[in-house]
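What follows is a single structure, written as structure tokens, with notes after it.
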Amino acid sequence: MFFGPITGLSFIISLLVLLVGLIIRPLVFIVSKPAKLFSPVRKKNKPLMAAALIVFTFTLYASVTTFVIVETAKHPRTTMLAFASTFIPCDELYVSPSEHNVILRLDDVQAYGWSDVSIRMMDDAISNDMPIVAGIIPKDLAEDKKLVNFLERESCNIEFALHGYDHGAISDFDEVIGEFEALTYEVASEKLKIGIDEIEKDFNNNITTFIPPQNRISLEATAALEEYNLYLSKSGKGYYDYDAKTWNYDDNEPISATEVMKTCDTVFKNGDNLCVIMLHPQDFIDEEGKIDEEKYSEYKKLLSLINLSDFSTVRFSDMIALHSSK
Ligand SMILES: [Zn+2]
């Protein structure tokens, strides 16, 4: 696999092999005088040169190894690829809010649960010069190395939003109750804290927004958001609540890209300057849980329609900054 077992350790070992290869000749030279270092003609300072070569090679090895160990320790759960990506800075997109702003809100970004689809969706948005908001379910996030590596590599173009802690839904007389729907202030506050801690273990990204699972949240839990300076994006008429979606839950069928665009058009015609589009990786999978290319082509169409329109794709933080500067 692409993210195979190339770890910091194997990198160090391969450097060690290189080190041995480099110093073997000068070492042999020092130990047994008759051996020749490089050219047989030069006679000057051979022992000095051999020693310098050994010191140089060893210093190089020691410093690279230290760097690898320090970086690996900083990101203990990620593989070498994530470490390697630290050499390549994230290429930040230019984001500028306008009269018509769109936020791509991708919910249910979580360890293993359709994370391949989530990665592709985020990657395609970024390839189309659009930032995207990942509604992250923090529980066990770090265990999905491929997802964590991707989030790290593209962290400058992905805004992190907190999407519950484990998204756990309890069933009460057949009705699904959202994770934060019935919580007291104290329990909500504790859950928010462990969720934020879980994400901050691996990322420095600032979390500005909370997306309650099932888009529902109790009044007490809403009050708890203030403790962590979190804005709320749920279902409803609030400024940051979602306006459009890519799945019709009533009829259990996809909503076309054209319909989504129309919904946002209506939002803007009604005088609002923000249209939040709720997306789920599950909107684009087949019955086996794999990506459904036909369904997925609607997502790609949506991205190209946004590109063709006068809509600006922004993040919650851009709009929050815009409002707080007024
Ligand atoms: Zn969700």
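We did not get these values from a lab; they are worked out from the coordinates using the rules stated. Keep in mind that what you see is a predicted model, and the values were worked out from it rather than measured. Counting neighbours? That spans all protein chains shown, and the Cβs are built from the backbone with ideal geometry, glycine included.
Shown is the FRET efficiency for K145 and D124, computed with R0 = 30 Å from the Cβ-Cβ distance and rounded to the nearest 0.05: 0.90. For region 231-246, 3J(HN,Hα) computed residue by residue from phi via the Karplus equation (6.51, -1.76, 1.60; θ = phi - 60°) reads 8, 10, 10, 9, 9, x, 9, x, 4, 8, 5, 6, 9, 10, 8, 9 Hz, glycine and proline entered as x. Relative to the first principal axis of the alpha-carbon coordinates of the chain, what is the inclination of helix 185-200, with its axis defined by its Cα atoms, in degrees from 0 to 90 and to the nearest 10? In the chain, helix 185-200 runs at an angle near 30 degrees to the longest axis.
Between I69 and A52, the modelled labels are 2.9 nm apart [label points 7 Å from Cα along Cα→Cβ].
Per-residue ellipticity at 222 nm for the chain, helices alone: DSSP H runs ≥ 4 residues times -39500 (n - 2.57), over residue total, nearest 500 deg cm²/dmol?
Values: 10 runs with 142 residues, N = 326.
The per-residue figure over the chain is -14000 deg cm²/dmol.
If the chain linking Q282 and S256 were pulled fully straight, counting 0.36 nm for each residue of separation and taking away their Cα-Cα distance, it would gain 7.9 nm. Remark: the chain carries a charge dipole of roughly 3540 debye about the Cα centre, counting +1 on each Lys and Arg Cβ and -1 on each Asp and Glu Cβ.
How do 258-271, 198-211 rank on mean C-beta neighbours within 10 Å, highest first?
Ranked by mean Cβ neighbours within 10 Å, highest first: 198-211, 258-271.
Rounded to the nearest 10 degrees, the inclination of helix 8-31 to the longest alpha-carbon principal axis of the chain is 10 degrees.
Database remark: amide H of G135 closer than 5 angstrom to the amide H of L106, D107, D108, V109, A161 (H placed geometrically; neighbours at sequence offset of 5 or more, or on other chains; Pro and chain starts carry no H).
Taking amide H as placed 1.01 Å from N in the peptide plane, the amide H of C275 sits under 5 Å from that of N101, V102, I103, each at least 5 places away or on another chain.
Amide H to amide H, with H built 1.01 Å from N, L232 comes under 5 Å of F210, counting only residues 5 or more places away or on other chains. Ordering L60, L192, L322 by the projection of their Cα atoms onto the charge dipole of the chain, which places +1 on the Cβ of Lys and Arg and -1 on the Cβ of Asp and Glu, puts L60 at the extreme positive end.
Computed over the Cα atoms of the chain, the ratio of the radius of gyration to the Kirkwood radius (Rg/Rh) comes to 1.16.
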